[in-house]
Amino acid sequence: MSKILIINTGGTIGMVKTENGYVPNLDKFHENLSKMPELSASSICDWDIIDMLPLLDSSNMTVEDWNRIGELISSNYNSYDGFVILHGTDTMAYTASALSFMMENLGKPVIITGSQIPICEIRSDGKDNIIAAMLIASEGIVNEVCIYFRGELLRGNRAIKYSADGFMAFKSPNAPALAQAGIAINYNEGILLPKPADAFNFQRLENVPIGVIKVFPGIQFDLFSNIMTESLKGVVIETFGAGNIPSSAKSLLPIIEKAFANGTVVTVCTQCPQGTVLLGTYETSNALKSAGAISGKDMTTEAAIAKMYYLFSKGYDTKTICRLMETSLRGEE
Ligand code: ASP
(Lines give C-alpha, C1' and ligand atoms only; values in the text may rest on other atoms or scores of the structure.)
Protein backbone atom coordinates (compact mmCIF):
# COMPACT_ATOMS: atom_id res chain seq x y z
CA MET A 1 0.00 0.00 0.00
CA SER A 2 1.35 3.44 -0.85
CA LYS A 3 2.00 6.02 1.80
CA ILE A 4 1.60 9.76 1.54
CA LEU A 5 2.56 12.75 3.66
CA ILE A 6 0.04 15.53 4.27
CA ILE A 7 1.61 18.91 5.02
CA ASN A 8 -0.90 21.21 6.67
CA THR A 9 0.01 24.86 6.16
CA GLY A 10 -3.39 26.33 7.12
CA GLY A 11 -6.08 28.02 5.04
CA THR A 12 -9.85 28.08 5.30
CA ILE A 13 -10.06 24.29 5.38
CA GLY A 14 -8.89 24.28 9.00
CA MET A 15 -10.29 27.61 10.13
CA VAL A 16 -12.96 28.53 12.66
CA LYS A 17 -15.07 31.66 12.85
CA THR A 18 -14.06 34.17 15.54
CA GLU A 19 -15.30 37.69 16.27
CA ASN A 20 -12.42 38.95 14.10
CA GLY A 21 -13.23 36.64 11.18
CA TYR A 22 -11.94 33.19 10.18
CA VAL A 23 -8.60 32.06 11.66
CA PRO A 24 -6.72 28.72 11.56
CA ASN A 25 -7.37 26.45 14.55
CA LEU A 26 -5.11 23.42 14.84
CA ASP A 27 -7.07 21.50 17.47
CA LYS A 28 -10.41 21.97 15.78
CA PHE A 29 -8.93 20.87 12.45
CA HIS A 30 -7.53 17.65 13.91
CA GLU A 31 -10.78 17.03 15.78
CA ASN A 32 -12.64 17.25 12.46
CA LEU A 33 -10.13 15.04 10.63
CA SER A 34 -10.57 12.40 13.32
CA LYS A 35 -14.31 12.48 12.60
CA MET A 36 -13.78 11.54 8.94
CA PRO A 37 -14.24 7.75 8.68
CA GLU A 38 -12.93 7.86 5.07
CA LEU A 39 -9.44 8.57 6.40
CA SER A 40 -9.26 5.19 8.10
CA ALA A 41 -11.08 3.24 5.37
CA SER A 42 -9.27 0.17 4.07
CA SER A 43 -9.27 1.65 0.57
CA ILE A 44 -7.39 4.80 1.57
CA CYS A 45 -3.60 4.87 1.49
CA ASP A 46 -1.45 5.06 4.61
CA TRP A 47 -0.78 8.64 5.58
CA ASP A 48 1.02 10.85 8.04
CA ILE A 49 0.44 14.51 8.69
CA ILE A 50 2.82 17.33 9.61
CA ASP A 51 1.43 20.68 10.74
CA MET A 52 3.60 23.56 9.58
CA LEU A 53 3.24 25.92 12.51
CA PRO A 54 2.02 28.55 12.85
CA LEU A 55 -0.83 27.69 10.50
CA LEU A 56 -1.33 30.51 8.06
CA ASP A 57 -4.03 32.33 6.25
CA SER A 58 -2.31 31.98 2.88
CA SER A 59 -2.35 35.75 2.40
CA ASN A 60 0.51 35.68 4.91
CA MET A 61 2.61 33.15 2.93
CA THR A 62 6.17 34.29 2.28
CA VAL A 63 9.07 33.01 0.22
CA GLU A 64 10.49 31.58 3.45
CA ASP A 65 7.27 29.60 3.97
CA TRP A 66 7.66 28.16 0.45
CA ASN A 67 11.16 27.11 1.48
CA ARG A 68 9.77 25.46 4.62
CA ILE A 69 7.22 23.48 2.58
CA GLY A 70 9.93 22.55 0.08
CA GLU A 71 12.27 21.39 2.85
CA LEU A 72 9.55 19.20 4.35
CA ILE A 73 8.97 17.55 0.97
CA SER A 74 12.68 17.23 0.32
CA SER A 75 13.56 15.72 3.70
CA ASN A 76 10.67 13.22 3.42
CA TYR A 77 10.99 12.60 -0.31
CA ASN A 78 12.28 9.04 -0.07
CA SER A 79 9.88 7.97 2.68
CA TYR A 80 6.60 8.70 0.87
CA ASP A 81 5.00 7.98 -2.51
CA GLY A 82 3.29 11.34 -2.76
CA PHE A 83 2.49 14.55 -0.94
CA VAL A 84 -0.68 16.53 -0.21
CA ILE A 85 -0.35 20.13 0.86
CA LEU A 86 -3.28 21.74 2.63
CA HIS A 87 -3.17 25.45 1.85
CA GLY A 88 -5.38 28.53 1.73
CA THR A 89 -6.82 29.33 -1.66
CA ASP A 90 -5.77 32.98 -1.81
CA THR A 91 -2.14 32.37 -2.72
CA MET A 92 -2.37 28.69 -3.65
CA ALA A 93 -1.53 29.38 -7.31
CA TYR A 94 1.62 31.29 -6.26
CA THR A 95 2.76 28.48 -3.95
CA ALA A 96 1.99 25.85 -6.60
CA SER A 97 4.00 27.82 -9.17
CA ALA A 98 6.92 28.35 -6.80
CA LEU A 99 7.07 24.70 -5.71
CA SER A 100 6.89 23.54 -9.33
CA PHE A 101 10.20 25.29 -9.99
CA MET A 102 11.80 24.51 -6.63
CA MET A 103 11.18 20.75 -7.06
CA GLU A 104 13.75 19.86 -9.72
CA ASN A 105 13.30 16.42 -11.35
CA LEU A 106 10.18 15.75 -9.33
CA GLY A 107 9.18 12.13 -9.73
CA LYS A 108 6.20 12.00 -7.35
CA PRO A 109 2.82 13.75 -7.06
CA VAL A 110 2.66 16.95 -4.99
CA ILE A 111 -1.04 17.84 -4.76
CA ILE A 112 -2.11 21.12 -3.21
CA THR A 113 -5.67 21.54 -2.03
CA GLY A 114 -7.85 23.41 0.44
CA SER A 115 -11.43 24.54 0.60
CA GLN A 116 -13.74 27.50 0.34
CA ILE A 117 -15.69 26.49 3.47
CA PRO A 118 -13.97 25.19 6.64
CA ILE A 119 -14.16 21.48 7.24
CA CYS A 120 -15.98 22.09 10.51
CA GLU A 121 -18.98 23.58 8.66
CA ILE A 122 -21.71 21.41 7.16
CA ARG A 123 -21.44 22.54 3.53
CA SER A 124 -17.65 22.24 3.48
CA ASP A 125 -16.00 21.31 0.21
CA GLY A 126 -12.88 20.36 2.18
CA LYS A 127 -13.68 16.72 2.78
CA ASP A 128 -13.98 15.80 -0.91
CA ASN A 129 -10.96 17.88 -1.83
CA ILE A 130 -8.73 16.19 0.79
CA ILE A 131 -9.84 12.66 -0.05
CA ALA A 132 -9.48 13.06 -3.82
CA ALA A 133 -6.10 14.79 -3.39
CA MET A 134 -4.95 11.88 -1.21
CA LEU A 135 -6.09 9.33 -3.80
CA ILE A 136 -4.28 11.18 -6.59
CA ALA A 137 -1.13 11.54 -4.48
CA SER A 138 -1.17 7.83 -3.65
CA GLU A 139 -1.75 6.71 -7.25
CA GLY A 140 1.61 8.14 -8.26
CA ILE A 141 0.58 8.85 -11.85
CA VAL A 142 1.57 12.52 -11.98
CA ASN A 143 5.14 13.70 -11.43
CA GLU A 144 4.37 17.33 -10.87
CA VAL A 145 3.04 20.00 -8.53
CA CYS A 146 -0.73 20.24 -9.04
CA ILE A 147 -3.77 21.93 -7.60
CA TYR A 148 -6.75 19.69 -6.95
CA PHE A 149 -10.06 21.44 -6.48
CA ARG A 150 -13.65 20.37 -6.96
CA GLY A 151 -13.15 17.54 -9.41
CA GLU A 152 -10.25 18.95 -11.40
CA LEU A 153 -6.53 18.34 -11.22
CA LEU A 154 -4.67 21.33 -12.66
CA ARG A 155 -1.00 21.89 -13.41
CA GLY A 156 -0.02 24.13 -10.48
CA ASN A 157 1.96 26.67 -12.48
CA ARG A 158 -0.92 27.08 -14.96
CA ALA A 159 -3.62 27.69 -12.37
CA ILE A 160 -5.17 30.95 -11.21
CA LYS A 161 -7.61 31.59 -8.39
CA TYR A 162 -10.67 32.35 -10.43
CA SER A 163 -13.47 32.62 -7.91
CA ALA A 164 -13.48 34.23 -4.49
CA ASP A 165 -16.64 32.45 -3.43
CA GLY A 166 -17.47 29.60 -5.84
CA PHE A 167 -16.58 25.98 -5.16
CA MET A 168 -14.77 25.85 -8.53
CA ALA A 169 -12.17 28.24 -7.19
CA PHE A 170 -9.41 27.54 -9.73
CA LYS A 171 -9.03 27.56 -13.48
CA SER A 172 -6.22 26.79 -15.85
CA PRO A 173 -7.20 28.89 -18.86
CA ASN A 174 -4.20 28.07 -21.05
CA ALA A 175 -3.76 24.38 -20.31
CA PRO A 176 -6.25 21.51 -20.08
CA ALA A 177 -6.89 19.81 -16.73
CA LEU A 178 -4.46 16.98 -15.98
CA ALA A 179 -7.31 14.86 -14.66
CA GLN A 180 -11.03 14.96 -14.04
CA ALA A 181 -12.30 13.31 -10.89
CA GLY A 182 -15.82 12.13 -11.58
CA ILE A 183 -16.93 8.63 -10.69
CA ALA A 184 -13.39 7.60 -11.69
CA ILE A 185 -10.25 9.71 -11.80
CA ASN A 186 -9.48 10.07 -15.49
CA TYR A 187 -5.98 11.30 -16.28
CA ASN A 188 -5.19 13.20 -19.45
CA GLU A 189 -2.13 10.96 -19.89
CA GLY A 190 -0.86 12.64 -23.06
CA ILE A 191 -0.12 15.94 -21.36
CA LEU A 192 1.41 14.79 -18.06
CA LEU A 193 5.07 15.65 -17.50
CA PRO A 194 7.26 12.55 -17.95
CA LYS A 195 9.03 10.87 -15.04
CA PRO A 196 12.45 12.52 -14.83
CA ALA A 197 15.60 10.54 -15.55
CA ASP A 198 17.72 12.51 -13.07
CA ALA A 199 17.66 12.57 -9.28
CA PHE A 200 15.27 14.84 -7.39
CA ASN A 201 16.74 18.08 -6.13
CA PHE A 202 15.24 20.87 -4.04
CA GLN A 203 16.21 24.47 -4.84
CA ARG A 204 15.58 27.04 -2.08
CA LEU A 205 14.34 30.42 -3.17
CA GLU A 206 15.81 33.76 -2.22
CA ASN A 207 13.47 36.67 -1.62
CA VAL A 208 14.83 38.66 -4.55
CA PRO A 209 13.22 42.07 -5.18
CA ILE A 210 10.57 41.67 -7.90
CA GLY A 211 7.79 44.04 -8.96
CA VAL A 212 4.54 43.83 -10.92
CA ILE A 213 3.10 46.71 -12.92
CA LYS A 214 -0.44 46.46 -14.25
CA VAL A 215 -1.05 48.73 -17.21
CA PHE A 216 -4.33 50.70 -17.31
CA PRO A 217 -5.64 53.57 -19.44
CA GLY A 218 -4.10 56.80 -18.19
CA ILE A 219 -1.19 55.10 -16.40
CA GLN A 220 1.58 57.54 -15.57
CA PHE A 221 4.67 55.43 -16.02
CA ASP A 222 7.01 58.10 -14.69
CA LEU A 223 5.63 57.27 -11.23
CA PHE A 224 7.43 53.92 -11.55
CA SER A 225 10.74 55.44 -12.54
CA ASN A 226 11.90 55.56 -8.91
CA ILE A 227 11.46 51.84 -8.35
CA MET A 228 13.50 50.94 -11.44
CA THR A 229 16.78 50.88 -9.58
CA GLU A 230 19.66 48.47 -9.83
CA SER A 231 18.35 46.59 -6.81
CA LEU A 232 15.17 45.59 -8.66
CA LYS A 233 15.91 42.20 -10.18
CA GLY A 234 12.75 41.53 -12.14
CA VAL A 235 9.49 43.15 -13.19
CA VAL A 236 6.36 41.61 -14.64
CA ILE A 237 4.41 44.07 -16.76
CA GLU A 238 0.79 43.02 -17.12
CA THR A 239 -0.14 44.51 -20.47
CA PHE A 240 -3.34 44.66 -22.49
CA GLY A 241 -4.11 41.82 -24.91
CA ALA A 242 -1.16 40.30 -26.74
CA GLY A 243 1.39 42.54 -25.00
CA ASN A 244 0.23 46.07 -25.77
CA ILE A 245 0.85 49.29 -23.89
CA PRO A 246 -0.56 52.75 -24.69
CA SER A 247 1.61 54.45 -27.34
CA SER A 248 1.09 57.72 -25.49
CA ALA A 249 2.94 56.30 -22.49
CA LYS A 250 6.23 57.64 -23.83
CA SER A 251 7.86 57.55 -20.41
CA LEU A 252 7.65 53.75 -20.15
CA LEU A 253 10.20 52.90 -22.81
CA PRO A 254 13.08 54.90 -21.32
CA ILE A 255 12.21 53.27 -17.99
CA ILE A 256 12.39 49.80 -19.52
CA GLU A 257 15.60 50.69 -21.32
CA LYS A 258 17.02 51.89 -17.99
CA ALA A 259 15.84 48.68 -16.33
CA PHE A 260 17.44 46.62 -19.10
CA ALA A 261 20.72 48.50 -18.69
CA ASN A 262 20.54 47.85 -14.92
CA GLY A 263 20.16 44.12 -15.56
CA THR A 264 16.51 44.04 -14.46
CA VAL A 265 14.56 41.31 -16.26
CA VAL A 266 11.36 42.80 -17.68
CA THR A 267 8.79 40.12 -18.50
CA VAL A 268 5.62 40.93 -20.38
CA CYS A 269 2.48 39.02 -19.40
CA THR A 270 -1.08 39.68 -20.47
CA GLN A 271 -3.99 40.81 -18.32
CA CYS A 272 -6.21 38.41 -20.26
CA PRO A 273 -6.66 35.14 -18.37
CA GLN A 274 -6.60 33.28 -21.69
CA GLY A 275 -4.23 33.63 -24.65
CA THR A 276 -0.63 34.57 -25.17
CA VAL A 277 1.68 37.56 -25.44
CA LEU A 278 3.09 38.00 -28.94
CA LEU A 279 5.46 40.95 -28.85
CA GLY A 280 5.63 42.78 -32.16
CA THR A 281 2.16 41.90 -33.42
CA TYR A 282 1.04 45.49 -32.87
CA GLU A 283 3.02 48.70 -32.98
CA THR A 284 1.97 49.16 -29.34
CA SER A 285 3.98 46.10 -28.30
CA ASN A 286 6.89 46.37 -30.70
CA ALA A 287 8.46 49.13 -28.66
CA LEU A 288 8.53 46.91 -25.56
CA LYS A 289 10.52 44.34 -27.48
CA SER A 290 13.00 46.88 -28.81
CA ALA A 291 13.48 48.24 -25.28
CA GLY A 292 14.64 44.82 -24.10
CA ALA A 293 11.50 43.32 -22.57
CA ILE A 294 10.97 39.58 -22.93
CA SER A 295 7.77 37.68 -23.57
CA GLY A 296 6.08 35.80 -20.78
CA LYS A 297 3.99 34.18 -23.54
CA ASP A 298 0.93 32.56 -21.95
CA MET A 299 2.40 32.26 -18.46
CA THR A 300 0.26 33.40 -15.55
CA THR A 301 1.63 36.32 -13.58
CA GLU A 302 1.90 33.91 -10.64
CA ALA A 303 4.14 31.58 -12.67
CA ALA A 304 6.21 34.45 -14.08
CA ILE A 305 6.90 35.80 -10.58
CA ALA A 306 7.76 32.35 -9.22
CA LYS A 307 9.99 31.60 -12.20
CA MET A 308 11.94 34.81 -11.70
CA TYR A 309 12.46 34.00 -8.01
CA TYR A 310 13.70 30.58 -9.06
CA LEU A 311 16.03 31.65 -11.87
CA PHE A 312 17.63 34.41 -9.76
CA SER A 313 18.01 31.95 -6.86
CA LYS A 314 19.88 29.61 -9.22
CA GLY A 315 22.44 32.38 -9.63
CA TYR A 316 22.18 32.55 -13.42
CA ASP A 317 23.35 35.64 -15.31
CA THR A 318 20.77 37.99 -16.82
CA LYS A 319 21.17 36.65 -20.35
CA THR A 320 20.50 33.09 -19.20
CA ILE A 321 17.52 34.22 -17.12
CA CYS A 322 16.03 36.03 -20.13
CA ARG A 323 16.47 32.94 -22.27
CA LEU A 324 14.99 30.59 -19.68
CA MET A 325 12.05 32.92 -19.03
CA GLU A 326 11.04 32.21 -22.62
CA THR A 327 11.65 28.44 -22.30
CA SER A 328 9.20 26.03 -20.72
CA LEU A 329 10.86 24.37 -17.72
CA ARG A 330 7.87 22.67 -16.04
CA GLY A 331 5.09 23.00 -18.59
CA GLU A 332 4.38 26.56 -17.42
CA GLU A 333 4.30 28.06 -20.94
N1 ASP B 1 -7.87 33.56 3.24
C2 ASP B 1 -7.91 32.14 3.06
C3 ASP B 1 -6.50 31.65 2.75
O4 ASP B 1 -6.04 31.83 1.67
C5 ASP B 1 -8.84 31.77 1.97
C6 ASP B 1 -8.98 30.29 1.70
O7 ASP B 1 -8.30 29.44 2.22
O8 ASP B 1 -9.88 29.94 0.92
O9 ASP B 1 -5.84 31.12 3.61
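Below is a table of values for the structure above.
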{"quantity": "Unique residue being in a helix (DSSP H, G or I), within 23 Å of GLY156 (Cβ to Cβ) and within 16 Å of the ligand (Cβ to nearest atom) when the list is ILE69, ILE85", "calculated": "ILE69"}
{"quantity": "Segments classed as strands (runs of 3 or more DSSP E), wholly inside segment 1-47, with at least 3 members that are away from the ligand (no atom under 14 Å from the Cβ) and within 15 Å of ILE130 (Cβ to Cβ)", "calculated": "3-10"}
{"quantity": "Residues satisfying the stated conditions in segment 224-249, i.e. free of Cβ contacts under 8 Å to residues at least 24 places away in the same chain and out of contact with any strand residue (DSSP E or B) (no Cβ under 9 Å at 6 or more places or on another chain)", "calculated": "ASN226, SER231, SER248"}
{"quantity": "Single unsatisfied condition, VAL142 versus (1) near the ligand (Cβ under 10 Å from one of its atoms); (2) of a type in the set (Val, Ile, Thr); (3) farther than 20 Å from ILE50 by Cα", "calculated": "(1)"}
{"quantity": "Matching residues in segment 251-306 - criterion: being more than 13 Å from CYS322 (Cα to Cα), charged (D, E, K, R) and more than 21 Å from the chain's Cα centre (by Cα)", "calculated": "GLU257, LYS258, GLU283"}
{"quantity": "Counted residues, segment 37-63 - those being modelled with pLDDT under 95, of a type in the set (A, V, I, L, M) and in contact with a helix residue (DSSP H, G or I) (Cβ under 7 Å, 6 or more places away or on another chain)", "calculated": "2"}
{"quantity": "Segment 88-120, residues that are part of a helix (DSSP H, G or I) and either of a type outside the set (A, V, I, L, M) or out of contact with any helix residue (DSSP H, G or I) (no Cβ under 8 Å at 6 or more places or on another chain) (or both)", "calculated": "TYR94, THR95, SER97, SER100, PHE101"}
{"quantity": "Segments classed as strands (runs of 3 or more DSSP E), wholly inside segment 127-181, with at least 1 members that are farther than 19 Å from TYR77 by Cα and of a type in the set (Asp, Glu)", "calculated": "152-155"}
{"quantity": "Residue ranges of helices (runs of 4 or more DSSP H) in segment 229-314 with at least 1 members charged (D, E, K, R) and modelled with pLDDT of 90 or more", "calculated": "301-313"}
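Residues are listed down the side, and each one gets a yes or a no for (1) crowded, with 19+ Cβ neighbours inside 10 Å; (2) away from the ligand (no atom under 13 Å from the Cβ):
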position: ASP81; (1), (2): no, yes
position: TYR94; (1), (2): yes, no
position: ILE117; (1), (2): no, no
position: SER138; (1), (2): yes, yes
position: SER163; (1), (2): no, no
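The values are calculated or read from the model by the stated rules, or taken from the named source; none is laboratory data. This one's a predicted model, so the numbers in the text were calculated from it and none came from an experiment. FYI the Cβ positions are ideal-geometry reconstructions off the backbone, even for glycines, and counts take in every protein chain you see.
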